[in-house]
Structure formats: structure tokens, C-alpha cells
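Step one of this worksheet: look at the structure below.
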Amino acid sequence: MSEHLPADQGTRDVFVRLSALIYAGADEADVYQTIVDAARRLVDGCERASIMLKRRDRFVTAASTDDIARLADQIEREVREGPCYDAVLDEAYQHDTDLTSGTSPWPRFTERVLAETPVRSAIGYRLFLDGDKVGALNLFADEPGALTERSADQGAVLASFASVALMAVRAREEAATLRLGLQSNREIGKAVGLLMAAHHMGSEQAFGVLRRTSQELNMKLTQVAEEVVRGQEQQFGSTSSDGQG
């Protein structure tokens, strides 16, 4: 496959920009959209592309270059077959260079795609996250034979990059969740300490006060803790001002 990989400067520049986008902290939707847009530049014959991800028990289109690619994904979901489905289930990418040949491995998908869209060639690549197959990158062309073996090799490089992007986005989300959790714990700890000092109670009793208040006011525990801390800070500020006056 290596003799077919794109090696021109323009292609390398695209991957550099994609990498910068991911690690600069762009949100998930922007990363996926940039990948499918890049497919048209990096893969010979590719006119449309989409990323379809498995969320719980169903597939959703996370990004697409246009409405036709999105419609092709929708058809796959409705007939439950096609390059994306097989890419996720099987170990190899799925490639039908000519959907009009009558030999497609996805007869229901092909029948509807030919009737409802201009798509005539398709490739699907599985995407991995922590070793699990979580979706697929789909490439489409409107001319039979436009997506060649060379195209398939080029697309494989982009699909590998897309899997790395999935892992980067997940890692960033987990880090953000951890930071929020740590911040929440700090606020709750402050509130517990303030209640203990103000009302001469133990830590368990103070935490119980926070929890009951949270339930009674239908507020998150963190929000109640923040209000306790804010109120105490305002009280000290007021006392300090009074003392200066």
C-alpha cells in the first residue's frame, strides 16, 4: 500500500492543519467536519464523505460534506446494510467501485442509493476508539469506478487519522470532566468546612445539611455548596467593610 500513499506537500499540509486543529482544542463537531471536508482533497475521486458513529444502540451522522452524503447515511440506517455497517462489523474496509454493476454486496442499500442519490461508488472504513469499533468513515463518488484501489489506500490513511482524532477528542473530554469534578469537590469541601465552623457540627452532619438542602431546593449539590461559599464570602466582606467604616 505504501507506494500509493499521497506524499505531496499539499497533502502533508492538510494533515498538519488537521493535527493543529485537534490539539488546539477544537470541539468534536469541528474536528469531524474538517476530516470529511479533507477527504475530498486527499482521496482521488472522492466527491462526498461522512462520519457515522455508533451512539449507544444506533448510528448517527457526526459530520458530512453535504446533504447527499447525509442521505446515503440515512439510507444505510434504514435498510441496516451498506459500507458503514459492514466496515464496523468486519475487519476490512468495504469498497464497491461500481454500484451500478449489479454485484453490490448491499442490494437494498444500492437500490435506494441509485434511485435517490447520484452516488455510484462507495468505500467504508471502520473507526476505532480504545480498540473498539465505534463507527465508520464513508467516501462517495458520483461516477462508477471513480473510487479506485489507489483511492482506497489514500482513504485508509485518512481513516487512521480519524481514529486518532476520536481518541484525542475523548481524552480531552475526559480531562475536562476530571477538572470539573475536582472543582466541584473543592467547592463542596469548602462548604462543609464553613458549616462545621459556623454551626459547630461534624463533617458528616455538615454534608448531610448540604445534601438535604440540595434535595429540597432541587439544586445540584455543587450549586448549593457554591451558594454557601458565596454567602460566607459576602458576609465576611460586609463585616470587613463595616469594621473599616
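Each part reduced to its alpha carbon centroid, region 84-139 and region 205-224 end up 51 Å apart. In plain terms, the chain from Asn185 to Phe128 could stretch by 17.2 nm, reckoned as 0.36 nm per residue minus the Cα-Cα distance.
Excluding same-chain residues fewer than 8 positions from Lys133, which aspartates and glutamates have a Cα within less than 12 Å of its Cα? Hits, sequence-local ones excluded: Asp86, Asp90, Glu91.
Taking each residue as 0.36 nm, the span from Val164 to Asp67 lengthens on full extension beyond its C-alpha to C-alpha distance by 32.3 nm. A cut-off of 5 Å between modelled amide H atoms, ignoring neighbours fewer than 5 places along the same chain, links Leu127 with Val134, Gly135, Ala136, Leu137.
The label-point distance for Glu204 and Ala115, in a model that sets each label 7 Å from Cα toward Cβ, rounds to 6.8 nm. Projected label points at Arg17 and Arg211, each 7 Å from Cα along the beta carbon direction, are separated by 5.4 nanometres.
Values quoted throughout were computed directly from the atomic coordinates according to the rules given, and no laboratory measurement underlies them. A quick note: this is a predicted structure, and the numbers were derived from the prediction, not measured. Heads up, the Cβs are rebuilt from the backbone with ideal geometry, glycines too, and the neighbour counts pull from every protein chain shown.
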